[in-house]
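Q: The structure's right below; bear with me while I get my questions together.
The values are calculated or read from the model by the stated rules, or taken from the named source; none is laboratory data. Since we're looking at a predicted model, the values are computed, not measured. Cβ sites come from the backbone with ideal geometry, for glycine too, and all protein chains shown count toward neighbours.
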Amino acid sequence: MSEVHTFAGGPLDRAGHRRTDADWIAAKLKDQSTRIVPLWKLQPLVTPRRDGIGWLSPADVDGYLMSGVPTIFIGEDDAGVAHFAIDVTSFDDANRSEPFTNVGKFMDLRAIALQLPMGDPSTLGTAKAILDWNARHQFCAVCGNATEMRECGYMRKCSNGECNAEHFPRTDPVVIMLPVRGDDCLIGRQPMFPANMYSALAGFIEPGENIEEAVRREVMEEAGITVSDVRYHSTQPWPSSLMIGCFADAETTEITVDGLELEEARWVSRTLLKDVMNGATDTGVLLPPPMAIGFQLIRAFTEMK
Ligand SMILES: [Zn+2]
């Protein structure tokens, strides 16, 4: 299957070979066709109608670039235009300052992702993830000395010449799965969910586990259900994790929730879920927004057979 979820399918070529080409990067940061998106407290600048990214030129943000704000290379488009992101968090009043207020507003990416054009959430998700990783990895995890940005944001190197450890951005793999038995599937509620909302079960893969083992363990831990075959469906990259969507064949039906990660789980029929998808409000079940892979797994289940 080739589902492309929100935060995937970005239009830019990441052009990793450019990251170490300091001359090329320096030239592009002076080229007025270059596009730069600022992020403030991890919120990207977007246009007022949320119809796109609030791109600026190097001249627009000259003062910020000169001040040495964290600057990362995101990629190149088909025309060879370079795209960067800068972190202006250290400027308290950036959200009230020109040139940003002339172009748009800093907004929470998750809240606006569905309103943006296809591809923009992916571009901004990359920018947010890499800037966040750099901000959180100022010190070496090996020796505690300061680290320095390298490769335009995609590596940090320890400044201690006797250590020299290199640190790279990471993403955390998470399994998200729908246990299935005949015409029914298992959905669950986390305590933080809005009333009546249910989704697929999910959990982090632990070191030493493969995807299938993580699915089986999480479904057993959270709902007390034994699953056998696990089938991969699709993945969704969030700014700090990779959601790996699967279906799993349930071998048992009696639910025992752990009460921590899940407060309730229930078997629901394909018919009921189809009704919910079609707008029924009397089923006692609400689903997550279409942006979430959990919704997309449930939708795929309703379309099986
Ligand atoms: Zn070190």
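Q: Scan the range 207-223 and give yes if some residue there is touching a helix residue (DSSP H, G or I) at 6+ places or on another chain (Cβ under 8 Å), assigned by TED's automatic domain parsing to the domain that holds Glu261 and farther than 14 Å from Val174 by Cβ, otherwise no.
A: No; the residues of the range 207-223 include none that is touching a helix residue (DSSP H, G or I) at 6+ places or on another chain (Cβ under 8 Å), assigned by TED's automatic domain parsing to the domain that holds Glu261 and farther than 14 Å from Val174 by Cβ.
Q: Only one residue in Thr34, Thr47, Thr20 is within 23 Å of Thr171 (Cα to Cα) and either touching a helix residue (DSSP H, G or I) at 6+ places or on another chain (Cβ under 6 Å) or polar (S, T, N, Q) (or both), so which one is that?
A: The match here is Thr20.
Q: Right, here's the next one. Would a scan of the range 269-278 turn up a residue that is in contact with a Gly (Cβ under 8 Å, 6 or more places away or on another chain), outside any strand (DSSP E or B), crowded, with 18+ Cβ neighbours inside 10 Å and touching a residue at least 12 places away in the same chain (Cβ under 8 Å)?
A: no
Q: Out of the residues in the range 120-141 meeting the condition of being surrounded by 13 or more Cβ atoms within 10 Å (Cβ to Cβ) and not in a helix (DSSP H, G or I), tell me which one is farthest from the ligand (Cβ to nearest atom).
A: Step by step, filter the range 120-141, then rank; the result is His137.
Q: Still on this structure: If only one of Pro117, Pro169 is away from the ligand (no atom under 12 Å from the Cβ), touching a residue at least 24 places away in the same chain (Cβ under 8 Å), assigned to a loop (DSSP other than H, G, I, E, B) and surrounded by 13 or more Cβ atoms within 10 Å (Cβ to Cβ), which one is it?
A: Just a single option satisfies the conditions, and that option is Pro169.
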